[in-house]
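Peer 1: Please see the structure below; I have some questions.
Coordinate-derived values only; no laboratory data. Please read all numbers here as calculations on a predicted model, not as lab measurements. Methodologically, a virtual Cβ is constructed for each residue, glycine included, from the backbone with ideal geometry; neighbour enumeration extends over all protein chains shown.
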Amino acid sequence: MWMVIALGLIVAILMRYYMMPSLEKSQQILWLLPFLIIALIRPIHQLALPSEVFDIFTTGNWVRASFLYLFTWLALSFALVNPPIADIAAPHLAGSIDIVDTEGISYTDLDGSGYEVRISQDSIPVILGLAVRDNVDAENSSMNLTIKKVGQMEPIVSVTGLVSTIASDGPSQTFHSVDSESWSRGLKKNGLTGDYSGPKVAPHSQDIGLAWDLCANGCSPGEYVVNVHLWEESEMVPWSTSQNSWQREYTLTILQSS
């Protein structure tokens with residue numbers, strides 16, 4: 001038993017302090033190699049134990065030993081790659097994107113990275129919102145955000161910098177000026193208690209909500225591409241770049257209802 005636990009400990013430490021610093025981001029080898037090491041449990045015992053002791057072990061013993069090693073490695077790895085020891089989780093959007101429900105909107109639907117909006121008039125005001133989330137410090141994450149209408153050269157929105165700096169320049173105030181129930185996708189419901197928290201776009205109080213008014217005179221039908229890149233640099237990040245990054249592209253499609 002102790003040999004199996006020690007093996008799980010050694011593998012977890014080697015993967016965290018030797019393998020991960022040599023990689024730029026998560027790779028399959030980080031979980032595939034520890035799984036393959038299960039095949040070494042029996043040969044290691046055969047080398048370390050006298051033959052009369054080794055022969056006592058049955059197939060059931062090796063199966064149990066494999067599971068003990070596996071869960072030892074998983075538990076130690078989880079502790080070694082999460083705060084306060086390390087951080088492998090990149091900042092990301094808390095709940096995709098959303099727009100404020102206004103007069104003239106007849107239908108909205110978010111499907112993955114595509115957000116379809118149907119309108120019953122020539123143009124509508126569009127306030128687009130999103131929220132940044134991180135397991136350590138969302139405010140000190142960095143963001144590059146561009147919002148462009150397909151067919152236009154100049155972006156409608158183009159910001160780069162610390163999330164806290166971007167938020168203080170106005171987007172945070174715009175987001176919090178909107179009533180939680182006014183977002184088109186509605187409120188987030190707790191599946192256990194049935195209670196509602198914040199809007200689906202920013203359900204937790206720690207999420208940093210940001211919003212932009214896209215068109216001063218109203219947005220006409222067309223495709224609007226929202227490109228979000230979030231990253232953080234920290235000594236806690238185990239990768240060779242010391243950086244966790246996340247990127248996503250959304251398409252906001254505004255259509256005229258027939």
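Peer 1: Could you compute the longest span of the chain free of GluC sites (Glu not before Pro) located in DSSP loops and having at most 13 other Cβ atoms within 10 Å, not counting the site residues? It would help to have the intermediate numbers written out before the result.
Peer 2: Working: sites that count: E24, E103, E235.
Longest site-free region, per DSSP loop and neighbour criteria: 104-234.
Peer 1: Pull out the extension gain between L40 and E249, defined as 0.36 nm times the separation in residues minus the alpha carbon to alpha carbon distance; nm, one decimal. It would help to have the intermediate numbers written out before the result.
Peer 2: Working: separation 209, 0.36 × 209 = 75.24 nm, distance 4.36 nm.
Taking 0.36 nm per residue and subtracting the Cα distance, the gain is 70.9 nm.
Peer 1: Can you tell me which lysines have their Cα less than 30 Å from the Cα of K25? Leave out same-chain residues fewer than eight positions away.
Peer 2: Here the lysines satisfying the reach criterion relative to K25 are K148, K200.
Peer 1: Go ahead and estimate [θ] at 222 nm for the chain from helices alone: -39,500 (n - 2.57) per DSSP H run with n ≥ 4, summed, over the residue count, rounded to 500. Before the final figure, lay out the partial values.
Peer 2: Numbers: 7 runs with 67 residues, N = 258.
Computed ellipticity for the chain at 222 nm equals -7500 deg cm²/dmol.
Peer 1: Straight distance only, please: which aspartates and glutamates reach the Cα of K189 with their own Cα at less than 20 Å, same-chain residues fewer than 8 apart left out?
Peer 2: D98, D101, D109, D111, D179, E181, D207
Peer 1: Does anyone have the angle between helix 2-14 and the longest principal axis of the chain? Alpha-carbon axes, 0 to 90°, nearest 10?
Peer 2: With both axes taken from Cα atoms, the answer is about 40 degrees.
Peer 1: With each pseudo-label sitting 7 Å past Cα toward Cβ, what's the S182-L68 distance in nm, one decimal?
Peer 2: 6.2
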